[in-house]
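**Q** Supplied in structure tokens, the structure appears directly below.
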Amino acid sequence: MSDKNWTIEKAEQTYRVKNWGDGYFGINEAGNLTVQPTSKKKSEVEIKKVVEEMKSQGVKLPAVIRFHDILRSQVKNINRIFRDTIHEADYDGKYYGVYPIKVNQMREVVEEIIDAGAPYDFGLEAGSKSELLAALVHNENPNSLTVLNGYKDEDYLRLALIGRKLNRKIIIVIEKFSELKNILRLSKEMNVTPLIGLRGKMSLQGRGKWANSCGDKAKFGLTTAEILNAVKVMEENNLMSSIVLFHYHIGSQISDIRTFKDAINEAGRIYAKLYKMGCHLEYFDAGGGLGIDYDGSRSNNDSSRNYNVKEYAQDIVYGLKQICELEGVPHPNIVTESGRAITAHHSCVITNVIDRIDRHKNNFDTSVTEGEHILVENMRTLEQESNKFTKENFQTIFNESVQIKEEGLNAFKLGVIGLDERAKIETIHWRIMEKIVSYVESTKTFVPEELKNLSVDIAPQYLCNFSVFQSAADHWAIDQILPLVPISRLNERPTTQCGIADITCDSDGKIDCFIGPDGHNETVLLHDIKEDEEYLVGLFLTGAYQDVMGDNHNLFGRVNEVHVFSDAEDPQGFYIEEIIKGNSAAQVLSTMQYNPEYMAQSLKKLINKEITRGNIAPRVGVNLVDFYEDCLANYTYLN
Ligand SMILES: *Cc1c(COP(=O)(O)O)cnc(C)c1O
């Protein structure tokens, strides 16, 4: 394009698509973001095309796009990798992975995973009664596992035992010693033999955002003493053969591979000791934690991981093998509960930039007016000086500008200057700040601490049609980085360093942590928005947790959703298999106990009253009521 020095490689360096995209996402020569949902190069599709197709079918933005092929491919990958590793290691056990439903409970997602995992006897993990209700009917494979975690009341346990009556391999994992008594009583009452797992509380201190999933502070799991007590109780009840699994979970998004190594050493020994005590465990369940390289840095920072799936599998398989051989016990079957790693890539949120907010930029007239206060004049003089910045004076000019602005505010509070003068002082101040930032950037001058945040303070914000609380809950809650990338114009140099604000009226409704050239940045580099062209950005890797954790903050509700499959026969190379409408205003209002019908009637009554009084013409009144009803029925996001 116009800028010859800008290349696709530069775009790649800026957004690190290849690294976080893990073979699924890329940038093509035309500067469009592409997705390659299956491993075949031919399946490559421009995301822009999917959005166009979506729009032609009446689906408005923001929208979630799910690539079901990615889901299938991820399921296949993890199973193949574990099978290959087991084969290479000459390991005697098999791999029986389970998918933890809580990571993305959408029925279509669970069904797709079960279907793609069928050849590998891939199962499900449930952590609550509702999830168990789903798992009971969605995992019908008698060879795959259904692992049950979480706190369990009697109903939960009864449901699990019904599963046993249906010949499923449903394993109840004991998290609390007290659960054991209930299981024993209910299985007698229902006359079934339960399959039981023991969850160990690992001693190692986790790292990262979920560090409290293990160690002494962990909410779940049995201490060594409790494990031994549990075994004793089982022995007394003649149920030793019911203990079939040992489980541990050291937290999610483990960024450092050493954490897995530590865990396997401890857990492997527990397994071996239990085996020798007569618990002939068939399964060793290493839980979740397999991370995603959200920022593409391949490092051990919280939003990344310093290993790949193969290395993860090797650590478990070889680590366990070694311990088993040292202890002289058989190799158990291996279970993992990876949710994030399976689902993160398959969905993204596409939104349109609807406005640019320049917090401090305006065209307010700052020219001289008669009798204005000396502070305004001083600020103006300072601005003239700022036309000739030097290494020596830019810091002084910064200090003085800040000082005059503060004095101006004080003078205003004391009633010494008026609104007009205050506005002039502030406007000129921010113009000077902008000049300082461009001076510092262009000369690569050493930047003193207090100036470091200046570029963030003056950066514009792009207002995007979405809600962080609905679509990127973890960004709001725990500063999780999710890659944000324009879906086209990647062959043009992006020139605006900006923040992202959402359309909720919450000051937390923003994204302020992005992939940066060297680490994380508070702003992201995007293109200038044009009057006549929609600018679309995608928020990626939202398939794990984000998809389902969203809330109704500001009553925006769920976004539109399309399910995309690639298809070599199709002229576009893909088709939209299903459209799921996001929430209408009436729907989200209903969840908060409003009655939309009653609301429409009330508005009608109010308008009729005004019609009777002669304040509104009847025809106009009818239109107003229709409009109100349309708004109730329509999508909650911006039109
Ligand atoms: C949440 C959870 C998982 C999933 O962890 P990921 O890191 O997303 O793979 C697995 N097991 C248990 C017990 C969990 O609570």
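**Q** So which residues in the stretch 334-385 are within 16 Å of the ligand (Cβ to nearest atom) and either more than 29 Å from Leu61 (Cα to Cα) or of a type in the set (A, V, I, L, M) (or both), if there are any at all?
**A** Correct list: Ile334, Val335, Thr336, Glu337, Ser338, Ala341, Ile342, Ala344.
**Q** Follow-up. For residues that are small (Gly, Ala, Ser) and outside any helix (DSSP H, G or I), scanning just the stretch 391-429, find the one that is surrounded by the fewest Cβ atoms within 10 Å (Cβ to Cβ).
**A** Gly415
**Q** From Lys94, Lys129, Lys76, grab the single residue that is within 16 Å of the ligand (Cβ to nearest atom), open to solvent by 20 Å² or more (accessible area, probe 1.4 Å) and either touching a helix residue (DSSP H, G or I) at 6+ places or on another chain (Cβ under 8 Å) or not assigned by TED's automatic domain parsing to the domain that holds Gly550 (or both).
**A** Checking each option against the conditions leaves just Lys129.
**Q** Please work out which residue is surrounded by the fewest Cβ atoms within 10 Å (Cβ to Cβ), limiting yourself to the stretch 338-377 and to residues that are within 30 Å of Phe565 (Cα to Cα) and of a type in the set (A, V, I, L, M, F, W, C). Walk me through it before giving the result.
**A** Kept after step one, since they are within 30 Å of Phe565 (Cα to Cα), are these residues of the stretch 338-377: 338-354.
If we keep only those that are of a type in the set (A, V, I, L, M, F, W, C) too, we end up with 341-342, 344, 348-350, 353-354.
Details: Ala341: 24, Ile342: 29, Ala344: 28, Cys348: 27, Val349: 25, Ile350: 25, Val353: 19, Ile354: 16.
Per the stated criteria, the residue is Ile354.
**Q** A further question follows. Which of the residues belonging to the stretch 1-17 are of a type outside the set (Gly, Ala, Ser) and within 16 Å of Phe514 (Cα to Cα)? Even if it seems obvious, please write down each step before you answer.
**A** Initially, the stretch 1-17 is screened for residues of a type outside the set (Gly, Ala, Ser), giving 1, 3-10, 12-17.
Glu12, Gln13, Thr14, Tyr15, Arg16, Val17 - these are the residues of the stretch 1-17 that are of a type outside the set (Gly, Ala, Ser) and within 16 Å of Phe514 (Cα to Cα).
**Q** I would also like to ask the following. Name every residue in the stretch 247-262 that is assigned to a helix (DSSP H, G or I) and within 13 Å of the ligand (Cβ to nearest atom), in order of residue number.
**A** Residues satisfying the conditions are Thr259, Phe260.
**Q** Here's something else I'd like to know. Considering each residue of the stretch 544-593, count those that are outside the structural domain of Thr34 (by TED's automatic domain parsing) and within 16 Å of the ligand (Cβ to nearest atom), and give that number.
**A** Number satisfying all stated conditions: 0.
**Q** So which pairs qualify, if the first residue must be in the stretch 394-405 and in the same structural domain as Glu426 (by TED's automatic domain parsing), the second must be not in a helix (DSSP H, G or I), the Cβ gap must be under 8 Å, and the two must be at least 6 apart or on different chains?
**A** Between residues of the stretch 394-405 that are in the same structural domain as Glu426 (by TED's automatic domain parsing) and residues that are not in a helix (DSSP H, G or I), the close pairs are Phe394/Thr445; Gln395/Pro448; Ile397/Phe389.
**Q** Within the stretch 111-191, which helices (runs of 4 or more DSSP H) (wholly inside it) include 3 or more residues that are small (Gly, Ala, Ser)?
**A** The qualifying helices (runs of 4 or more DSSP H) are 129-138.
**Q** Tally time: how many residues in the stretch 534-574 are under 25 Å from Leu490 (Cβ atoms), hydroxyl-bearing (Ser, Thr, Tyr) and touching an Asp or Glu at 6+ places or on another chain (Cβ under 7 Å)?
**A** 1
**Q** For the stretch 53-68, name all the residues that are open to solvent by 20 Å² or more (accessible area, probe 1.4 Å) and either touching a strand residue (DSSP E or B) at 6+ places or on another chain (Cβ under 7 Å) or of a type in the set (Gly, Ala, Ser) (or both).
**A** Selection gives Glu53, Ser56, Gln57, Gly58, Lys60.
**Q** Please tell me if Tyr99 is open to solvent by 10 Å² or more (accessible area, probe 1.4 Å), touching a residue at least 40 places away in the same chain (Cβ under 8 Å), of a type outside the set (Val, Ile, Thr) and not in a helix (DSSP H, G or I).
**A** Numbers: open to solvent by 10 Å² or more (accessible area, probe 1.4 Å): no; touching a residue at least 40 places away in the same chain (Cβ under 8 Å): yes; of a type outside the set (Val, Ile, Thr): yes; not in a helix (DSSP H, G or I): yes.
For Tyr99, the condition - open to solvent by 10 Å² or more (accessible area, probe 1.4 Å), touching a residue at least 40 places away in the same chain (Cβ under 8 Å), of a type outside the set (Val, Ile, Thr) and not in a helix (DSSP H, G or I) - is not met.
**Q** Let me ask something else about it. Which residue pairs have Cβ atoms closer than 9 Å, lie 6 or more positions apart in sequence or on different chains, and pair a first residue in the stretch 230-254 that is open to solvent by less than 10 Å² (accessible area, probe 1.4 Å) with a second residue that is more than 16 Å from the ligand (Cβ to nearest atom) and of a type in the set (D, E, K, R)?
**A** Hits for this filter: Val244/Lys169; Val244/Glu282; Leu245/Glu282; Tyr248/Glu266; Ile250/Asp262.
**Q** Working carefully through the options Ile607, Ile576, Ile616, find the one that is surrounded by 15 or more Cβ atoms within 10 Å (Cβ to Cβ) and part of a helix (DSSP H, G or I).
**A** Ile607 is the lone residue from the list that is surrounded by 15 or more Cβ atoms within 10 Å (Cβ to Cβ) and part of a helix (DSSP H, G or I).
**Q** Moving on. With (1) without any contact (Cβ under 8 Å) to a residue 60 or more places away in the chain; (2) outside any helix (DSSP H, G or I); (3) away from the ligand (no atom under 16 Å from the Cβ) as the list, and Leu326 as the residue in question, which single condition is left unmet?
**A** Tallying (1) without any contact (Cβ under 8 Å) to a residue 60 or more places away in the chain; (2) outside any helix (DSSP H, G or I); (3) away from the ligand (no atom under 16 Å from the Cβ), Leu326 fails exactly one: (2).
The values are calculated or read from the model by the stated rules, or taken from the named source; none is laboratory data. Please read these numbers as outputs of a predicted model, since none were measured by experiment. Note that we place each Cβ from the backbone using ideal geometry, even for glycine, and neighbour counts take in every protein chain shown. Note: accessible area is taken over every heavy atom of the protein model, side chains too, but ligands, DNA and RNA are not part of it. Shrake-Rupley method; radii C 1.70, N 1.55, O 1.52, S 1.80 Å.
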